[in-house]
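The structure under discussion appears below in the form of structure tokens.
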Amino acid sequence: MGNQKFSTDFTKKIVQIKINLKSWTLLEWVLFFIIIPAILFLIYALPQEIKNSYFILNTTEILRLQTYFLFGYTHSQLYPHLLGNVIAYLIALIAVFSFENNKRRFWIMAGSLFLLVPIITSLLTIGLFNFIGIGINSQGFSAVVAAFIAYVFVSIVLWILSDKLEDFDHPELFKSRILFYFLCGLLTIMLALIIVGGLSLGIFMNTGESTSNGIAHFGGFIIGIIVFWVFDILTEQRK
């Protein structure tokens with residue numbers, strides 16, 4: 001019976017993925033899978049002098065306010081920077097389209113991540129590098145990608161737990177207290193692993209000609225979790 005129930009539950013979850021993928025409109029597929037990457041390539045194609053003057057964030061020139069947002073969509077290197085970011089974004093987006101079944105949450109998440117992540121991570125970058133006394137240039141879509149990766153992780157957790165998440169608010173529903181605390185511990189471990197994933201994204205790695213902006217990656221990842229968490233608290237009323 002146990003194996004049969006597990007098989008039935010697993011089948012339902014696979015069916016849910018298929019339902020989720022079919023629920024997205026043509027406009028949504030085109031907007032997020034074609035138009036957003038096209039914008040990134042168009043900005044990449046701009047003359048480098050224009051990007052240097054108006055798009056790329058320089059931590060020593062804090063009055064170039066437009067760069068606080070535009071730097072998050074700017075690339076000066078086709079491979080691996082731009083192509084790597086676009087591929088990672090598309091993979092994360094496919095996962096979100098597969099596991100997300102709440103359109104309202106998706107649009108709030110997408111709007112928040114595309115608009116807030118560049119601004120907040122630019123402030124984190126300026127704050128950090130001015131604190132340590134180093135001036136750098138920063139550009140790239142990877143902070144937004146990190147936010148979408150966080151979105152994927154939390155969506156997978158909710159997909160796994162499905163409608164069982166509310167049961168954690170009612171421990172009396174569990175026949176065994178040991179089982180309840182075991183599942184709480186398992187959920188805690190899952191969430192901790194998500195944070196560890198964010199920390200790994202926050203490592204400053206030398207990528208040859210440049211160094212990846214770890215604080216922007218980690219900031220984007222945490223923003224993704226926070227926006228999801230705030231939405232969940234306001235709409236689901238979970239304890």
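The values are calculated or read from the model by the stated rules, or taken from the named source; none is laboratory data. Note that the structure is a prediction, hence the values are computed from the model and not measured. With ideal geometry, Cβ positions are generated from the backbone for all residues, glycine too; neighbour counts draw on all protein chains shown. Protein only, heavy atoms only, side chains kept; ligands, DNA and RNA dropped before computing areas. Shrake-Rupley method; radii C 1.70, N 1.55, O 1.52, S 1.80 Å.
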Would you check if I134 is open to solvent by 20 Å² or more (accessible area, probe 1.4 Å) and in a helix (DSSP H, G or I)?
no
When you go through F71, F97 one by one, which is the residue that is open to solvent by less than 50 Å² (accessible area, probe 1.4 Å), under 19 Å from the mean Cα position of the chain (by Cα), over 30 Å from V157 (Cβ atoms) and of a type in the set (A, V, I, L, M, F, W, C)?
F71
Qualifying positions in the range 108-119 - within 15 Å of R64 (Cα to Cα) and open to solvent by 30 Å² or more (accessible area, probe 1.4 Å)
I119
Considering only the range 73-80, I want to know if a residue exists there that is in contact with a His (Cβ under 9 Å, 6 or more places away or on another chain), under 22 Å from F221 (Cα atoms) and not acidic (D, E).
yes
Looking only at the range 36-54, count every residue that is surrounded by 15 or more Cβ atoms within 10 Å (Cβ to Cβ) and either within 30 Å of F153 (Cβ to Cβ) or under 18 Å from the mean Cα position of the chain (by Cα) (or both) and tell me the total.
5
K12 vs (1) within 26 Å of N137 (Cβ to Cβ); (2) modelled with pLDDT under 95; (3) open to solvent by 80 Å² or more (accessible area, probe 1.4 Å): all pass except (1)
State which residue pairs qualify: first residue under 24 Å from S76 (Cβ atoms) and inside the range 209-228, second residue modelled with pLDDT under 90 and in a helix (DSSP H, G or I) in any location, beta carbons under 7 Å apart, and separation of 6 or more residues or different chains.
I215/L128; H217/L201; F218/G198; F218/L199; F218/L201; F221/G198; F221/L201
Search the range 34-50 for residues that are touching a residue at least 12 places away in the same chain (Cβ under 8 Å) and pair each with any residue that is surrounded by 11 or more Cβ atoms within 10 Å (Cβ to Cβ) and in a loop (DSSP other than H, G, I, E, B) when their beta-carbon atoms are under 7 Å apart and the residues are at least 6 apart or on different chains.
L40/H75; L40/F141; I43/F55; I43/T74; Y44/H75; Q48/S76
Being without any contact (Cβ under 8 Å) to a residue 12 or more places away in the chain and among the basic types (K, R): is that true of K18 here?
yes
I'd like the full set of residues that are of a type in the set (D, E, K, R) and open to solvent by 40 Å² or more (accessible area, probe 1.4 Å), limited to the range 21-35.
K22
Residues that are more than 17 Å from F114 (Cα to Cα): find the helices (runs of 4 or more DSSP H) completely inside the range 12-67 holding 3 or more of those.
48-54
